[in-house]
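Written out below as structure tokens is the structure these notes cover.
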Amino acid sequence: MSDAAAGSVTPGRRARQPLAVRLGLSPRFHAFCARVPGLKHMARAEGAALFDIVQGFVQSQALLALVELRVLHRLAEGPAALAALAGPAGVPVERMAILCKAGAGLGLMAERRGMWRLTVRGAAFLAVPGLEAMVRHHPVLYRDLADPVAFFRGETQPELAGFWPYVFGAGGAADPELAARYSALMADSQGLVAADTLAAVDFRGIRHLMDVGGGTGAFLAAVGAAHPGLEMTLFDLPAVVPGAEARFTAAGMGGRVRIVPGSFRDDALPVGADAISLVRVLYDHADSTVAGLLRAVWAALPDGGRILISEPMAGGTRPDPATDVYFSIYTLAMQTGRTRSGAEIQRMLEEAGFSDCQIRPGFRPFVTSVVTAVKSVNDSAQKSV
Ligand SMILES: CC(C)=CCC/C(C)=C/CC/C(C)=C/C=C/C(C)=C/C=C/C=C(C)/C=C/C=C(C)/C=C/C=C(C)/C=C/CC(C)(C)O
Ligand SMILES: C[S@@+](CC[C@H](N)C(=O)[O-])C[C@H]1O[C@@H](n2cnc3c(N)ncnc32)[C@H](O)[C@@H]1O
């Protein structure tokens, strides 16, 4: 293929590109790099990075098959021969051999002397709370993305929104069975979010924390365990909070937590807390809902009170390979919210009257990042002068 034909870029237009991009557009330059020591590794690394993007869906589906066929679970019990994996899964041995090799290519399992074993990565996959459940719900997302052109044009009716009915408001979450299903998925996947939030924020000096949209209390239970003197309030929809009582009782925190059912769309937030957290709540909702919620949090806090927002955040001016792809597209499919950057959240916090905003990029941005701010009545008064 000629250089001009590659990527259908006309030579005149190409001249306006930076030199590095012009070289990237040239298959001849690729071939040159592949021959030259010192440049060879660059050609290989860029090719491998592109191939990873190209094969992402196939990798995910191989993982899903390993999970649904319980291959990784079986290996967690001990090494197994191929036939012992194929039989219970109802997969012909020769096809299971291909799936197992794919699992090995992904680093999840390995074969030694005819026996398959779990690798550290395969073991970690099974151990990360909620990860398996997240992977198992991905077919909904993939169906929504089956025609990505129509999806991005806004011509499809994504299914994902129906999977998470609460985002449409209290009415959408009236079914306790459905609420229990999504709350369990959220609570399972809360472990790493709570750990990374606790690592990012200093909770000392906080007397009473209210977690708004706190689900069945997994985040408060983790914070409460780390800070035994803390008083806590959980606020979530009436269909959701009944799941919380048993958790707090089992954790011996029953006496320290007040559970308040309500909707932040329709009800005032309870007062009394000197800090309010919103964990994986904002990205479910449109800007207008978030603006109202932040104003409600401001109204519920005393002077000097703190707000803490923890959720996966987009990279803003430096798009992030995980959050700007997975979470931004996921929340687009949900149709109701969007994945915001720390800077966007800061702007919304300031518009709601908060000051002293601090953005704390997450240790694992695909798990969470944190933004904190303070309600300072003097600052707000100054601003409105
Ligand atoms: C010393 C010797 C001999 C060996 C050492 C070997 C060793 C021990 C190595 C280290 C092993 C180790 C510590 C591994 C740890 C791995 C961890 C912690 C991995 C964590 C991975 C987490 C992932 C992949 C998280 C993914 C999260 C996802 C996909 C979340 C999705 C959330 C969604 C869709 C939320 C939706 C909510 C809504 C609807 C938007 O509101
Ligand atoms: C993505 S989940 C996060 C749950 C929990 N904070 C966590 O990180 O695991 C969003 C939570 O917001 C709650 N929520 C949604 N709309 C709400 C509303 N109008 N009022 C109160 N809570 C609401 C949902 O019920 C759900 O528990």
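The values are calculated or read from the model by the stated rules, or taken from the named source; none is laboratory data. Every value quoted in this text rests on a predicted model; they were computed, and no experiment measured them. Here the Cβ positions follow ideal geometry from the backbone for every residue, glycine too, while neighbour counts run over all protein chains shown.
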Could you identify the single residue in Asp188, Asp211, Asp196 that is within 13 Å of ligand 2 (Cβ to nearest atom) and in contact with a Pro (Cβ under 9 Å, 6 or more places away or on another chain)?
Asp188
For the range 275-287, enumerate the residues that are hydroxyl-bearing (Ser, Thr, Tyr) and assigned to a helix (DSSP H, G or I).
Tyr283
Residue check for Ala226: free of Cβ contacts under 8 Å to residues at least 12 places away in the same chain and under 20 Å from Pro129 (Cβ atoms):
no
Tally up the residues in the range 293-312 that are within 16 Å of ligand 2 (Cβ to nearest atom), among the hydrophobic types (A, V, I, L, M, F, W, C) and not in a strand (DSSP E or B), please.
6
Considering only the range 203-258, how many residues are outside any loop (DSSP other than H, G, I, E, B), among the β-branched types (Val, Ile, Thr) and surrounded by 20 or more Cβ atoms within 10 Å (Cβ to Cβ)?
4
Any chance Val290 is in the same structural domain as Ala222 (by TED's automatic domain parsing), in a helix (DSSP H, G or I), in contact with a Leu (Cβ under 6 Å, 6 or more places away or on another chain) and among the β-branched types (Val, Ile, Thr)
yes
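For (1) modelled with pLDDT of 95 or more; (2) closer than 27 Å to Ala225 by Cα, each residue gets a yes or a no:
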site	(1), (2)
Asp266	no, no
Leu269	yes, yes
Gly292	yes, no
Trp298	yes, yes
Pro302	yes, yes
Whether any residue in the range 263-273 is within 16 Å of ligand 1 (Cβ to nearest atom), at negative phi, in a strand (DSSP E or B) and in contact with a helix residue (DSSP H, G or I) (Cβ under 8 Å, 6 or more places away or on another chain) is what I want to check.
no
Confirm whether Leu39 is surrounded by 16 or more Cβ atoms within 10 Å (Cβ to Cβ), away from ligand 2 (no atom under 16 Å from the Cβ) and not assigned by TED's automatic domain parsing to the domain that holds Ser183.
no
Exactly one of Ala179, Ala110 is away from ligand 2 (no atom under 16 Å from the Cβ) and surrounded by 14 or more Cβ atoms within 10 Å (Cβ to Cβ), and that residue is Ala110
Taking into account only those residues within the range 261-286 that are acidic (Asp, Glu) and in contact (Cβ under 8 Å) with a residue 40 or more places away in the chain, which is nearest to ligand 2 (Cβ to nearest atom)?
Asp284
Step by step: first the residues of the range 313-331, then only those that are β-branched (Val, Ile, Thr) and closer than 20 Å to Asp284 by Cβ, then the one that is farthest from ligand 2 (Cβ to nearest atom). Which residue is that?
Val325
Filter the range 141-156 for residues that are within 13 Å of ligand 1 (Cβ to nearest atom) and surrounded by fewer than 17 Cβ atoms within 10 Å (Cβ to Cβ) and give the result.
Tyr142
For the range 180-198, name all the residues that are within 18 Å of His137 (Cα to Cα) and in contact with a strand residue (DSSP E or B) (Cβ under 9 Å, 6 or more places away or on another chain).
Ser183, Gln190
